[in-house]
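**Q** One structure follows; several queries about it will come next.
The values are calculated or read from the model by the stated rules, or taken from the named source; none is laboratory data. Every value quoted in this text rests on a predicted model; they were computed, and no experiment measured them. Note that each Cβ is placed from the backbone with ideal geometry, even for glycine, and that neighbours are counted across all protein chains shown.
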Amino acid sequence: MTAGPLDNGWVDQRPTLLIADDDPVMRTALEAQLGAEFRVLALAADAEEAAALAAEHQPDLALIDVQMPAGGARTAVPEIVACSPDTCVVVLSSDESESLVRELLSAGALAYVRKGVTGSMLATTLARALKARPARPTDLTPA
Amino acid sequence: MTTLTLEAEVLQEEVIRELETLEALVLSDLLGLYIREAAMHLDALSSAFDRDDAATLGAVAHTLKGSSSSLGALLVTQSADAIVTAARTGDLQDGFELIEALKHALEITDQAFRERSAGSR
C-alpha cells in the first residue's frame with residue numbers, strides 16, 4: 001500500500017486510487033463517493049491518459065470504465081498491468097457483454113463492478129479486490 | 001371504488017440516501033454538473049436523431065445511462081436505456097417519442113433533486 005505523508009506529519013494509510021472515466025459526472029461522483037476510504041491520486045478521461053497516470057503514480061488500485069476514448073478498458077487494462085504491475089485493476093461496466101468482461105479479467109483486471117451500485121458497495125468491492133491481489137513475490141536472493 | 005395511482009419511481013432511494021451523506025456543497029456541485037451535462041446530452045441526442053445517426057444516439061444515451069444510474073436517477077436511466085436499445089437494433093421509428101420521454105424524465109428528476117435538497121436543509 002502506498003502511504004502518503006500529510007502536512008501534519010501523519011501518514012495517510014488509505015489505499016491509493018486512479019479513476020478513469022470519460023464522463024466528467026462519473027469522475028466527480030466516484031471521487032466524491034470513494035474519497036473517504038481511498039486516496040484519489042489522479043483522474044483520467046481516456047485509456048491513454050489512464051495508462052500514463054498509472055505509470056507515473058503506481059496506484060494501489062485503478063478503477064477503469066469499460067467504454068472510453070483511445071481504446072477503452074481493452075487498451076487501458078493490459079497497459080496498466082504492464083506499466084504498474086502492483087496496481088489492482090477493477091473494471092467499471094455498464095451493460096457490456098459478459099464475454100467482454102471475461103476478456104478484461106483475462107487481460108489482468110481482478111474484478112468488475114456495475115455502474116449504479118451504491119458508493120459503499122463500490123468501496124467494498126475495491127477493498128476486496130485489493131485483498132485478493134496476488135502478493136508481490138518476495139526476493140529471496142541471498143545478499 | 002378504489003382508485004390506484006401508479007407513479008413511476010423517479011429516484012433510487014438506496015443510492016440517493018448514500019449520496020446525501022456527502023458534504024452538502026459537494027453533493028450540490030455534483031448534481032448541478034449532472035443536470036448541465038444531461039442537458040447537453042439531450043441536445044446531442046436530438047441532433048443525432050435528426051441525422052439518423054444511430055451510433056451517436058447509442059453512445060450518448062449509454063453515457064447518460066451510466067451517470068444516471070450512479071446518481072440514482074432511475075427514471076432517466078430507464079429512458080436512456082430505451083434509446084440505447086433502439087439505437088442498438090437500429091429501430092429509430094419511435095426515436096422522437098423516446099427523446100421526449102427522456103426530456104420529461106430529466107425535468108422530473110431535476111425537480112426531485114431540488115425537493116430532496118430543500119428537504120435536507
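So that you can scan it fast, the table gives a plain yes or no per residue for (1) of a type in the set (Ser, Thr, Tyr); (2) closer than 30 Å to B:Thr21 by Cα:
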position	(1), (2)
A:Gly35	no, yes
A:Leu43	no, yes
A:Glu48	no, no
A:Ala76	no, no
A:Asp86	no, no
A:Ser106	yes, no
A:Met121	no, yes
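**Q** Could you figure out which of (1) among the aliphatic types (A, V, I, L, M); (2) in contact with an Asp or Glu (Cβ under 8 Å, 6 or more places away or on another chain); (3) closer than 18 Å to A:Leu30 by Cβ isn't true of B:Ile16?
**A** B:Ile16 satisfies every listed condition except (2).
Yes/no per residue for (1) out of contact with any Ser or Thr (no Cβ under 7 Å at 6 or more places or on another chain); (2) more than 14 Å from every other protein chain (Cβ to nearest Cβ); (3) more than 15 Å from A:Val90 (Cα to Cα):
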position: A:Trp10; (1), (2), (3): yes, yes, yes
position: A:Pro24; (1), (2), (3): yes, no, yes
position: A:Ala44; (1), (2), (3): yes, yes, no
position: A:Ala54; (1), (2), (3): no, yes, no
position: A:Asp60; (1), (2), (3): no, yes, no
position: A:Met68; (1), (2), (3): yes, no, no
position: A:Pro78; (1), (2), (3): yes, yes, no
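Listed here are the residues, each with its yes/no results for (1) over 18 Å from A:Val25 (Cβ atoms); (2) not hydrophobic (A, V, I, L, M, F, W, C).
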site	(1), (2)
B:Gln12	no, yes
B:Glu23	no, yes
B:Ile35	no, no
B:Asp52	yes, yes
B:Val60	no, no
B:Gly66	no, yes
B:Ala82	yes, no
B:Thr89	yes, yes
B:Ala105	no, no
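**Q** Where in region B:24-121 are there helices (runs of 4 or more DSSP H), lying fully within it, with 1 or more residues that are more than 14 Å from chain A (Cβ to nearest Cβ) and under 23 Å from A:Asp46 (Cα atoms)?
**A** Values: elements: B:24-50, B:54-70, B:74-89, B:95-119.
Because the criterion is at least 1 residues that are more than 14 Å from chain A (Cβ to nearest Cβ) and under 23 Å from A:Asp46 (Cα atoms), the helices (runs of 4 or more DSSP H) in region B:24-121 that meet it are B:24-50, B:54-70.
**Q** Could you say whether any residue in region A:96-108 is in contact (Cβ under 8 Å) with a residue 60 or more places away in the chain and either within 14 Å of another protein chain (Cβ to nearest Cβ) or surrounded by 18 or more Cβ atoms within 10 Å (Cβ to Cβ) (or both)?
**A** No, there is no match, as no residue in region A:96-108 is in contact (Cβ under 8 Å) with a residue 60 or more places away in the chain and either within 14 Å of another protein chain (Cβ to nearest Cβ) or surrounded by 18 or more Cβ atoms within 10 Å (Cβ to Cβ) (or both).
Yes/no matrix, rows are residues, columns are (1) in contact with a Ser or Thr (Cβ under 7 Å, 6 or more places away or on another chain); (2) among the β-branched types (Val, Ile, Thr); (3) surrounded by 13 or more Cβ atoms within 10 Å (Cβ to Cβ):
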site: B:Leu22; (1), (2), (3): no, no, yes
site: B:Lys65; (1), (2), (3): yes, no, yes
site: B:Val84; (1), (2), (3): no, yes, yes
site: B:Asp91; (1), (2), (3): no, no, no
site: B:Ile99; (1), (2), (3): yes, yes, yes
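**Q** Tell me the residue from B:Leu74, B:Leu102 that is touching a residue at least 24 places away in the same chain (Cβ under 8 Å) and out of contact with any Asp or Glu (no Cβ under 6 Å at 6 or more places or on another chain), please.
**A** Within the list B:Leu74, B:Leu102, the selection yields B:Leu102.
**Q** Quick check: anything in region A:27-44 more than 30 Å from B:Thr85 (Cβ to Cβ), modelled with pLDDT of 95 or more and surrounded by 24 or more Cβ atoms within 10 Å (Cβ to Cβ)?
**A** Yes, that holds for at least one residue.
**Q** Given the structure, is A:Met121 surrounded by fewer than 18 Cβ atoms within 10 Å (Cβ to Cβ) and within 14 Å of chain B (Cβ to nearest Cβ)? Show your work before the answer.
**A** Values: surrounded by fewer than 18 Cβ atoms within 10 Å (Cβ to Cβ): yes; within 14 Å of chain B (Cβ to nearest Cβ): yes.
Here the answer is yes, as A:Met121 does meet what is asked.
**Q** When you check A:Val89 against the structure, is it farther than 22 Å from A:Gly119 by Cα and within 11 Å of the chain's Cα centre (by Cα), yes or no?
**A** Numbers: farther than 22 Å from A:Gly119 by Cα: no; within 11 Å of the chain's Cα centre (by Cα): yes.
No, not satisfied.
**Q** Let me ask something else about it. Could you check how many residues of region A:113-143 are among the hydroxyl-bearing types (Ser, Thr, Tyr) and at pLDDT 90 or above?
**A** Going through region A:113-143 one residue at a time, the tally reaches 4.
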